[in-house]
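Reviewing the structure listed below.
The values are calculated or read from the model by the stated rules, or taken from the named source; none is laboratory data. This one's a predicted model, so the numbers in the text were calculated from it and none came from an experiment. Cβ placement follows ideal geometry from the backbone for every residue including glycine, while neighbour counts extend to all protein chains displayed. Calculation scope for accessible area: heavy atoms of the full protein, side chains included, ligands and nucleic acids excluded. Shrake-Rupley method; radii C 1.70, N 1.55, O 1.52, S 1.80 Å.
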Amino acid sequence: MHTFTVMNTNYDYQRIGAGFAGICMGIKLKQAGFNNFVILERNQQLGGTWYNNHYPGAACDVQSHLYSFSFEPKTDWSRMFGPQKEILQYMEHCCEKYGLTKHFKYNTTVNGATFDDASALWTVSDTNGNTYTAKAVISCSGGLSQPALPNIKGLDTFKGKMFHSAKWDNSYNLKGKTVAVIGTGASAIQIVPAIAPDVKSLLLFQRTPPWIMPKPDREMSSFEKKIFSALPFMQKLFRGWLYWAHELTAMGFVTRPGILKFAQRLSIKHLNKNISDPTLREKLTPKYTMGCKRILISNDYYPALKRNNVQVITEHITEVNEAGVVTNAGTQYAVDAIVLATGFHAADGILAFDIKGKNGVDLNETWRDGAEAYLGTTVAGFPNMFLVVGPNTGLGHSSMILMIEAQVQYIMEAIKAMKNNNWKYVDLKPEAQKQFNTQLQQQLAKTVWQTGGCVSWYQNKSGKNVTLWPSYTFTFKKQTEKFEADKYEVV
Ligand code: N01
């Protein structure tokens, strides 16, 4: 998803990306009376990651009553964990209701944004050759928007059908085909049970088994929907309960590893209950500390792996050739199709476009050794540029919408202060960024993400965690409530 919001002279504000972050930003701008902005979106439709990830079985892995805007409750979620289509419909509803639709510019891929020191304006360019001038830019381009293709020899020589999980080809019918799925992360565990009954044979290539917990999913009853609709405070209570239950698990990640040990036992129980074959059980037992990689939830993944037409292959892939996949055991697996459920470039290149700040300084260059920002939102040397879902704002334990709303609140405070005080720009002081990140990395060093003995997409190549917030969501919310002008050079 790529939302760029531009606020400017043509547009006061420009925002890039029409996913949850872009939509939230747009709604809050409008509610505060700012209408001069455009949302640039590379897709032909809004939705961001929820538009891109339409693979079979796609659904949220956080309860929908929490994975939705606090200011726009939906009383009639069909299930505890809403499916992708329903989430997309909810996002469309929000855009309609808050009059955002006219601000979107689709099929618009941003390829650069440059700050002009003299005019203090940003110029954003797109691949269609258009430019947009703006007083401020807000990137809502998402942390998981750039699919990562595996670095496997000969991948491009495969003669069958191949696609990434985030680029699912609906026109290709998997029925009766022999299909290889590479990867066993959050996407794969939803895809495998959804396609296994249809395909002739499914070969699942697993490099690292994930920790999996039972998914407390079920249909929402019509009684619950009626109650939520008639008594909004009941839904607030329910959301509050979900919120605190998730915050409790954060303790396990950051301060009380004992909680995860307990969860680890539950996960093993879940595995043992579902898988009785000792060889398969051994293959599926993780060897790293739970929580180091994202904890997955599923009730149908293990049962799918027991099917006669499904095989879990733990040999290492050495090559892909014309016919299929070759492993280090020297086995050639001939397949009709390969699904690459191999994740995203989350830590090694947060922005897919060039951003040039004061004195032409390049943001991606500045971030070569790891992305850094202040509260994941502002970066020193990049005046009036804001990020939503920027560095270290990801969560291992709860709904990203909570973080998005908090960041948007902070940006709105900054924008209002700029307007009220007639400031030309605000630019984060380098020392504020340094102090914040030193503390952040010290906190991260103690977490299971850094000590749990795994390699994950949370870290960049040098092992630095540039993606996760190492604390509770309420501490982030507290810190983003007010815009602290003293941390900024104000012009
Ligand atoms: O990607 P991943 P994902 N050879 O990076 C394997 C969110 N999400 O798309 O673990 C062989 O988790 C890799 O193996 P290993 C969620 O935040 C949310 O599944 O590195 N295998 C791993 O198994 C999630 O965390 C929902 O050893 C290779 C897999 O590919 C994030 O998106 C749903 C390989 C990648 O797993 C990413 O999830 C889906 C290679 N060369 C996703 N390269 C919700 O429900 C990689 N792998 C909200």
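Over the heavy atoms of residue 227, what accessible area does a 1.4 Å probe trace out, to the nearest 10 Å²?
Taking all protein chains as shown, residue 227 has close to 40 Å².
Within the range 248-294, report the trypsin sites (Lys or Arg not before Pro) that DSSP leaves as loop and that have at most 15 other Cβ atoms within 10 Å.
287
Using a simple spin-label model with points 7 Å from Cα along the Cα→Cβ vector, what separation in nm is obtained for residue 359 and residue 318?
5.2 nm
No partner Cβ under 4.7 angstrom, meaning no disulfide-compatible partner by this rule: which Cys of the chain qualify?
24, 60, 94, 95, 140
Which value in nm describes the separation of the simple spin-label points at residue 45 and residue 431, placed 7 Å from the Cα toward the beta carbon?
5.2 nm
May I ask for the longest run of the chain untouched by chymotrypsin sites (Phe, Trp or Tyr not before Pro) that are loop-located per DSSP and have at most 14 neighbouring C-beta atoms (other than their own) within 10 Å?
Maximal segment without exposed cleavage sites: 173-491.
Along each of its three principal axes, how wide is the spread of alpha-carbon positions in the chain, in whole angstrom units, largest first?
69, 54, 43
Distance from a point 7 Å along Cα→Cβ of residue 223 to each backbone N in the range 69-99: keep the residues under 20 Å and list them by number.
Label zone hits: 75-81.
For the range 356-427, compute Rh as the Kirkwood radius over C-alpha pairs and then the Stokes-Einstein diffusion coefficient at 10 °C and 1.306 mPa s; write the answer in µm²/s, rounded to an integer. Each step should come with its number before you reach the end.
On the way: Rh = 13.2 Å.
Calculated translational D: 120 µm²/s.
Applying the Karplus parametrisation 6.51 cos²θ - 1.76 cosθ + 1.60 with θ = phi - 60° to the phi angles of the range 450-460, what ³J(HN,Hα) value in whole Hz is obtained for each residue in order, glycine and proline being reported as x?
Each residue's phi maps through the Karplus curve to give 9, 10, x, x, 9, 10, 9, 6, 6, 10, 8 Hz.
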